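First the structure, in the form of structure tokens, and then the observations on it.
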């Protein structure tokens, strides 16, 4: 076997060893807490985490996983064990068939049938509402949702979830007979900034949002009583008491102890004072419950290092698998034209699927966390490697192949000793392209709990904090450049000397 062929195999081996090393972690958590991608949910998730951790339980907080359906299905699948939720959301967006007039007992019975328990009321409600700037609302004389009927030209922007909930915009518009037909979909946190800038007029609010007083918002009265009660509770798997009974029991100290004013203040400390959620949660537990819990503060350097390590694990796993699968697929595609056309067509179709959609499609199959992220990144990484392999093998002069046959080389020996070394420049170019794409796309893995450099980017967007965004964006850009340089260097190991591009050529 030639040195270049050994180099290709060595490259894959190095990546797999790196993956193994990155995946070697400590003992798995006994309890996994989930939270949605808005500040209040993250704060509540951190409060739950610290309370249960005070019992000596190993607890992991899987932060800002996404919307309601992601968290709910993760709970059912056992990807998480507990997360904060609201009764209105349970009734309107999760169970759906539960009649609006029935109380919490009916919710509990319906949840138990699905293997899920519900705690008692935590003490505050966080309902949906519509809001406008105080200045515009006063100028137009708007105090109630009904007042919007006479203002058809108002510019509305709502969160994606509110646009599709059973009690969201379509039902609200029908109930109030509102004339507005054009509504923009906009992230909840970004909507406040757009409204403050004068780009939109009406947005959906959570009634405990810290931004309501900060941006001088007027909450419009729900004069027809459209929105149900959104009482904060805790959902948990019914098998959790058998695994961590003391941890679950410890959460009862929170029932009835968090007022709406408390929750709005906690949100403000995170979003306006820029304090980390663990610090805010620890301070609340100390003041309200006398519970001295270590906040677990982490330096910026250490935090970024952890994000980089998680990111590298995702990239290493997916790229290793793509190399081990893509090169053989490329060889098969180059040798059989019809098969090759089919392979390239399928890989090309997958490549056209938006990366976020592909990640979401993985959740029903693989749950949340690193595994579905690695699977999605693998599919994105395969096409450039397959295409590079096919291209490299296709341009080999026929005379060289005939010479190898005359020398009596078998098909496999010819592939390893002649074809792959000659095709190695194109193959390495495909791998390099995949690696760079992979580094950038892996930032989306944070949306499904895979961690990595997308985590600070999402947090920074949620908190409107450029410095936090840069904690993820800058290392991701540097990592892409480093990976590109790394594979350029590996080309010297893999590509035969006579085939390497010279600077003066």
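Before moving on, here are some points about what is shown:
- Anisotropy class of segment 59-138 from Cα gyration tensor, a/c 1.5 cut: oblate
- Per residue, the average separation of C-alpha pairs within less than 8 Å and at least 6 apart gives segment 147-188 a relative contact order of 57 percent.
- Once the Cβ-Cβ distance of residue 121 and residue 289 is raised to the sixth power relative to R0 = 22 Å, the FRET efficiency obtained is 0.85.
- Seen against the Cα atoms of the chain and their longest principal axis, helix 337-352 is set at about 30 degrees.
- MRE, 222 nm, helices only [DSSP H, n ≥ 4, -39500 (n - 2.57), over the chain, to nearest 500]: -18000 deg cm²/dmol
- Rel. contact order, % - alpha carbon contacts under 8 angstrom, at least six apart, the chain: 18
- Antiparallel DSSP beta bridges within the chain, as percent of all bridges there, nearest 5: 60
- Treating r as the C-beta distance of residue 275 and residue 394 and R0 as 35 Å, the FRET efficiency rounds to 0.05.
- Among 170-181, 264-275, sorting by the average number of other beta carbon atoms lying within 10 angstrom of each residue, highest first, gives 264-275, 170-181.
- Cα long-axis angle, helix 370-394 against the chain (0 to 90 degrees, to the nearest 10): 30
- Global geometry of segment 137-272, whether rounded, prolate or oblate, following the gyration tensor of its Cα atoms and the 1.5 cut on a/c: prolate
- Rounded, prolate or oblate (a/c below 1.5 giving rounded, otherwise prolate when a/b exceeds b/c) for segment 243-371 by Cα gyration tensor: prolate
- The calculated FRET efficiency for the pair residue 143 and residue 114, based on their C-beta separation and a Förster distance of 56 Å, comes to about 0.85.
- Net length gained if the chain between residue 134 and residue 214 were fully extended (0.36 nm per residue, minus Cα distance): 27.7 nm
- Relative contact order of segment 128-219, taken over Cα pairs closer than 8 Å and 6 or more residues apart, is 46 percent.
- Degrees separating the helix 68-77 axis from the principal Cα axis of the chain, which is the longest one: 70
- Length added when fully stretched, residue 482-residue 409, from 0.36 nm per residue minus Cα-Cα: 22.4 nm
- Segment residue 346-residue 402, extension gain: residue separation times 0.36 nm, minus the distance between their alpha carbons: 17.0 nm
- In this simple spin-label model, placing a label point 7 Å from the Cα along the Cα-to-Cβ direction at both residue 226 and residue 164 gives a separation of 2.0 nm.
- Inverse mean reciprocal Cα-Cα distance (Kirkwood Rh) of the chain, Å: 25.6
- Within segment 128-219, DSSP assigns beta bridges of which about 60% are antiparallel (rounded to the nearest 5).
- Extending 7 Å from the Cα toward the beta-carbon at both residue 365 and residue 238 defines two label points whose distance is 3.1 nm.
- Neighbour-count order for 252, 146, fewest beta carbons within 10 angstrom listed first: 252, 146
All of the numbers you see were taken from the coordinates with simple rules; none came from a lab. It should be emphasised that the depicted structure is a prediction, and the values quoted were computed from it without experimental measurement. For neighbour counting, all protein chains shown are included, and Cβ atoms are generated from backbone atoms with ideal geometry for every residue, glycine included.
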